[in-house]
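Heads up: the structure comes next, in structure tokens.
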Amino acid sequence: MRWLLIGIIVAATTAGEVLEAAGMRRHGEIRDFRPGAIGRAFTVLARNRFVIAAVAAMAVSFFAYLGLLTIADLSFAVPATAITYVLETVLAKYVLKEHVNWLRWVGASLVICGVALVSL
Amino acid sequence: MTHEHARLRLKTWSFAVVVVFSNVFGNFFLKRGMPPALATPLDYITVLFHPWVALGVLLLIVWMMSRMALLSWADLSYVLPVTAVGYVLVAVVGKVLLNEQITMKRWAGIGLIVAGVALVSGGSAPQTAHPVSKTVGTGQ
């Protein structure tokens, strides 16, 4: 059961964050931070299909995470979900077409090991 | 480094700081304000009016919005490792404010995360993929 929940969390988090990044990148750089402009950006983003799908995926991930925490410790949940860093970096390269240089790969790998050590 | 690169880097750093601090302190206040158990569905609503919980939720809204803004120009493969510095801040907040012990294993993890963040943030520009949209910032 816990591994099923981990699988759901990892898949939903990965999908959600990659979709969020794709949606925001399509929207373009936000430059105006006055309240009116932020409100307008929100109404535009609320109709962005990538952002809508991202929010849905992250909601699935959130409730699966709550479910996992009722049957498992945080010290199991956090390192087990750190695998999303690898998946998201791979998808960032191949789906989002980011230039992931070797420093980013090494950095992301160090972060994964660090997160596992901190939370185990 | 051109003016545009410098501008983007400064903006990225400012937002990364907001993203990390709002997440860490949002979760901290949320946890601090939460009662040991929520018995009825009504409890889930009334707990939102508890001052610490309300502050936590407010900070988590700030976190979501600032992260979305950050991703509107910065790469996901840059934002992910850099905002992982939040794990370090959680450990430090736990030690300073809650008097928790930091074990050797945890210090080692903190060191690895800091090294990873330094490599990613120092070794590449925040933005490598070019924006798809030409009318930047309008969303059209």
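The values are calculated or read from the model by the stated rules, or taken from the named source; none is laboratory data. Quick caveat, the model's predicted, so the values are computed rather than measured. Every residue, glycine as well, gets a Cβ built from its backbone with ideal geometry; the counts of neighbours run over all protein chains shown.
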Determine whether B:A6 is over 19 Å from B:M65 (Cβ atoms), among the aliphatic types (A, V, I, L, M) and assigned to a helix (DSSP H, G or I).
yes
Out of curiosity, is A:A56 surrounded by fewer than 17 Cβ atoms within 10 Å (Cβ to Cβ) and either within 18 Å of B:V85 (Cα to Cα) or more than 12 Å from chain B (Cβ to nearest Cβ) (or both)?
yes
Yes/no for A:V106 being within 8 Å of chain B (Cβ to nearest Cβ), buried (at least 20 other Cβ atoms within 10 Å of the Cβ) and among the hydrophobic types (A, V, I, L, M, F, W, C)
no
By my count, helices (runs of 4 or more DSSP H) wholly in the range B:26-140 with at least 2 residues that are facing chain A (nearest Cβ under 9 Å), surrounded by 13 or more Cβ atoms within 10 Å (Cβ to Cβ) and modelled with pLDDT under 85 are B:85-98, B:104-123
Within the range A:27-52, can you find the residues that are surrounded by fewer than 17 Cβ atoms within 10 Å (Cβ to Cβ), within 12 Å of chain B (Cβ to nearest Cβ) and in contact (Cβ under 8 Å) with a residue 12 or more places away in the chain?
A:V44
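Would you kindly identify the helices (runs of 4 or more DSSP H) lying entirely within the range A:19-120 that contain at least 2 residues that are at pLDDT below 90 and under 17 Å from the mean Cα position of the chain (by Cα)?
A:49-71, A:74-81, A:84-94, A:102-119
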